[in-house]
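The values are calculated or read from the model by the stated rules, or taken from the named source; none is laboratory data. Predicted, not measured: the structure shown is a model, and the values here were computed from it. Counting neighbours? That spans all protein chains shown, and the Cβs are built from the backbone with ideal geometry, glycine included.
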Amino acid sequence: MTKNYQTILDAFPIEGEVVGVEPFGNGHINDTLRVTVKDLDGVERIKYVLQRINHHVFRDVDTLQQNIFTVTEHIRKKLEAEGDQDVDRHVCTFLRTKSGERYTSYEGAYWRVMLYIPGSITVETVTPESARSAGRAFGQFQSHLADVPEGTLGETIPRFHDMAFRLKELSDAIREDSVGRAAEGRVRKLVKELDDRSDDMLIQERLYEEGKLPKHINHLDTKVDNILFDKESGEVLTVIDLDTVMPGFILSDVGDFIRTAVNTGAEDETDESRIDVDMEIFKSYVEGYMGSASSFLTETEIRLIPYGGRMMTYMQAVRFLTDYINGDTYYKTDYKDHNWDRAWAQFVYLTRLEDKAKEMSDFMSHWL
């Protein structure tokens, strides 16, 4: 343990003697460390999680932390009202500093502390069982937050899932053509395909303006490894990684799981034969999700769930292509054409989802 970590932890009401601070998890945005303490009984145990907030991604740290405290405190009250006897394992608990702040700063960086949930694990493999659990967990998460008044939470990443904004970014990249990639034949071909679909991909914004589609509090990073499971029973404990929790459409949350977990190929798959729609994973996720979210969803939202998968896949194709045209300035790449491979793989998967659109819509009729 370094002296710096001790200085940071001293800002929080840590119970016990800190005896170890080590890297924890595999997150790509924030630096996460587990904190081991020695209690008064002399037993050493992991008790806290220390995180350095990536303020280059989350530039408004005040809003970020206010959102997180609002959400976790709201869920805690809901669980307590429901008679949950193990609340501390079913919602993340973040500590305020000794002076009452939601985070502390040290040498130009921003730090927060949360309680470690003992006996918890994450999983990365998506199976029908884990997909159903993920759907149930994210649906319950949204359900618990459904009565948070609109305007309570701020945007931690402005215009994160704003389709019009992403399309403008692509248009700007093509116009500027900073590294001479916009004229490539394959790029022009993909741009044409995306342009042909652009009007359909703005449906949710139009419906919102017409008062036909509400906004909810969303997680906006609905991967199965953002859920904690009980190590012994395998039961879902709680949803984690709350940095992107903010107002939006449920189509984003459900859609991004369809984009990532229902795809049989990798996000940057170069073998198109491996890219397909795993309908068993789709159905399992939807069954879990609708089991806990159907109480607050409108008929329009339920009907549009398959569309959400196509929309989020389209958006990610746009984002990868934009970054490729801009010279790979946003996403980390492993080789020269990595962003191109990502963009094309997302487009191929979009066409597979289009082929399955009727089957997916027919499945949603169970809840209509």
Q: Taking the options F69, F12, name whichever one is aromatic (F, W, Y), surrounded by 15 or more Cβ atoms within 10 Å (Cβ to Cβ) and under 30 Å from Y331 (Cα atoms).
A: F69
**Q.** Selection status of L297, of a type in the set (A, V, I, L, M), in a loop (DSSP other than H, G, I, E, B) and surrounded by 19 or more Cβ atoms within 10 Å (Cβ to Cβ)
**A.** yes
Q. Looking at R352, R319, which is the one that is charged (D, E, K, R), under 30 Å from S294 (Cβ atoms) and outside any loop (DSSP other than H, G, I, E, B)?
A. R352
Q: Using the structure shown, decide if G42 is surrounded by fewer than 18 Cβ atoms within 10 Å (Cβ to Cβ) and closer than 21 Å to Y116 by Cβ.
A: yes
Q: Within region 328-344, identify whether any single residue is within 20 Å of the chain's Cα centre (by Cα) and in a helix (DSSP H, G or I), and answer yes or no.
A: yes
Q) Can G291 be described as within 17 Å of the chain's Cα centre (by Cα), within 17 Å of F363 (Cα to Cα) and outside any loop (DSSP other than H, G, I, E, B)? A) no
Q: Scan region 263-284 for residues that are over 18 Å from S130 (Cα atoms), touching a helix residue (DSSP H, G or I) at 6+ places or on another chain (Cβ under 8 Å) and assigned to a helix (DSSP H, G or I) and report the count.
A: 1
Q: Only residues that are closer than 28 Å to R181 by Cα and touching a Phe, Trp or Tyr at 6+ places or on another chain (Cβ under 8 Å): list them for region 348-368, please.
A: L350
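Mind counting the residues in region 355-368 that are assigned to a loop (DSSP other than H, G, I, E, B) and out of contact with any strand residue (DSSP E or B) (no Cβ under 9 Å at 6 or more places or on another chain)?
Qualifying residue count, region 355-368: 1.
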Q) Any idea how many residues of region 222-268 are over 10 Å from the mean Cα position of the chain (by Cα) and aromatic (F, W, Y)? A) 2
(Q) Among the residues that make up region 136-148, is at least one of them basic (K, R), assigned to a helix (DSSP H, G or I), closer than 30 Å to D88 by Cα and touching a residue at least 60 places away in the same chain (Cβ under 8 Å)? (A) yes
Q: For region 42-58, state whether one or more residues are modelled with pLDDT under 95, among the hydroxyl-bearing types (S, T, Y) and part of a strand (DSSP E or B).
A: no
Q) Which ones in region 87-119 are touching a residue at least 40 places away in the same chain (Cβ under 8 Å), over 22 Å from K77 (Cβ atoms) and in a strand (DSSP E or B)? A) T104, Y106, A109, Y110, W111
Q) Does region 177-185 contain any residue that is β-branched (V, I, T) and under 30 Å from I68 (Cβ atoms)? A) no
Q: Pull up region 190-221, narrow it to residues that are more than 17 Å from R303 (Cα to Cα) and β-branched (V, I, T), then point me to the one that is nearest to the chain's Cα centre (by Cα).
A: I217
Q. Regarding V61, is this residue aliphatic (A, V, I, L, M), farther than 18 Å from L228 by Cβ, touching a His at 6+ places or on another chain (Cβ under 7 Å) and buried (at least 17 other Cβ atoms within 10 Å of the Cβ)?
A. yes
(Q) Out of the residues in region 122-135 meeting the condition of being assigned to a helix (DSSP H, G or I) and among the charged types (D, E, K, R), tell me which one is surrounded by the fewest Cβ atoms within 10 Å (Cβ to Cβ). (A) E129
(Q) Which count do you get for residues in region 94-121 that are in contact with a Ser or Thr (Cβ under 7 Å, 6 or more places away or on another chain), surrounded by 16 or more Cβ atoms within 10 Å (Cβ to Cβ) and hydroxyl-bearing (S, T, Y)? (A) 2
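When you look at R34, is it part of a loop (DSSP other than H, G, I, E, B) and either in contact with a strand residue (DSSP E or B) (Cβ under 7 Å, 6 or more places away or on another chain) or among the charged types (D, E, K, R) (or both), yes or no? Step through it out loud before you land on a result.
On the way: part of a loop (DSSP other than H, G, I, E, B): no; either in contact with a strand residue (DSSP E or B) (Cβ under 7 Å, 6 or more places away or on another chain) or among the charged types (D, E, K, R) (or both): yes.
No: the conditions fail for R34.
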